[in-house]
Amino acid sequence: MSREGLFISFEGIDGSGKSTQARLLAEYLANEGHEMVLTREPGGSPGAEEIRKLVLEGTPDRWSPETELLLFTAARRDHLERVIAPALKAGKVVICDRFADSTRAYQGRAGKGLRQMVDRLHSLMIGREPDLTILVDMDPATGLERALSRGTGEERFEAFGQKLQQQIRADFLAMAQEFSNRIVIVNGGQDIDKVAMDIQAIVNRHLP
Ligand code: ADP
Ligand code: TYD
């Protein structure tokens, strides 16, 4: 680990098991004696959690694609300033459930065509990537079933349906090639424990 701590993000379609695996990894690392912070996006700081409500609740056409991109980026900036950067500076492991790759996939995808704008805003306002990104890859039909069964009221995105999830999955897989230096693909279709063990093996290679 560098002096700066280790920044790990989890990415994947809705219901792929990111939150479950982020939590299991956090428990594993805590048991191993690492100081760590488990957090999520959109949200992760008080201000960003407020923005989370604005973007995840309401009808799908509540915001224009551009406004939505600004809201996600504003939330990330606050989260980075107040939670992620200070923890990394203190040498901790930061585990973040979703980060900028989600914006690349959801706001930057072909349909909305905002990828260039996403990248420009990212370099202007965020300017850093995780050291390691775990892409929990799985079949969208199963992922959507799992996501809807939670019934959290945050269904604005899940309501877009399976075709969108197929596209998002393809975009994440393309990003794994684009950012092959940091994104590692894990098969999320396996049992929870098996997925967790695969992730531990990957993370252990990045720890001192
Ligand atoms: P995400 O954060 O990617 O949306 P979650 O971790 O919240 O996904 O998981 C969605 C649902 O699927 C939860 O009810 C969770 O318990 C369940 N789940 C997670 N991983 C698996 C798995 N490998 N096999 C079966 N069910 C799973
Ligand atoms: P999340 O709570 O992680 O959903 P899930 O647990 O179902 O995977 O994220 C909520 C939604 O927000 C999800 O559909 C993806 C979307 N999202 C974006 O569109 N852009 C972003 O930058 C982020 C972080 C999330």
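Restricting attention to the range 3-26, the residues that are more than 20 Å from Leu69 (Cα to Cα) and within 18 Å of the chain's Cα centre (by Cα) add up to 15.
The helices (runs of 4 or more DSSP H) falling completely within the range 1-100 that include 1 or more residues that are more than 20 Å from Thr133 (Cβ to Cβ) and within 13 Å of ligand 2 (Cβ to nearest atom) map to 46-56, 65-79. When Gly91, Gly44 are screened for being within 16 Å of ligand 1 (Cβ to nearest atom) and open to solvent by less than 50 Å² (accessible area, probe 1.4 Å), only Gly44 passes.
Checking the stated criteria, Arg156 turns out not to satisfy the condition of being of a type in the set (Lys, Arg), within 12 Å of ligand 1 (Cβ to nearest atom) and either at pLDDT below 95 or open to solvent by less than 60 Å² (accessible area, probe 1.4 Å) (or both).
Yes or no, residue by residue, for (1) surrounded by fewer than 21 Cβ atoms within 10 Å (Cβ to Cβ); (2) within 25 Å of Ala174 (Cα to Cα); (3) within 16 Å of ligand 1 (Cβ to nearest atom); (4) modelled with pLDDT of 95 or more:
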site: Arg3; (1), (2), (3), (4): yes, no, no, no
site: Ile8; (1), (2), (3), (4): no, yes, yes, yes
site: Gly15; (1), (2), (3), (4): no, yes, yes, no
site: Phe72; (1), (2), (3), (4): no, yes, no, yes
site: Asp78; (1), (2), (3), (4): yes, no, no, yes
site: Glu81; (1), (2), (3), (4): yes, no, no, yes
site: Ile84; (1), (2), (3), (4): no, no, no, yes
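If you scan the range 101-151, which residues turn out to be open to solvent by 60 Å² or more (accessible area, probe 1.4 Å), closer than 23 Å to Ala196 by Cα and assigned to a helix (DSSP H, G or I)? Hits for the range 101-151 are Glu145, Arg146, Leu148.
The values are calculated or read from the model by the stated rules, or taken from the named source; none is laboratory data. From a predicted model like this one, the values you see are computed outputs, not experimental measurements. Positions of Cβ are generated from backbone atoms using ideal geometry, with glycine treated the same way; all protein chains shown enter the neighbour counts. What goes into the accessible areas is simple: the full protein's heavy atoms, side chains included, and nothing from ligands, DNA or RNA. Shrake-Rupley method; radii C 1.70, N 1.55, O 1.52, S 1.80 Å.
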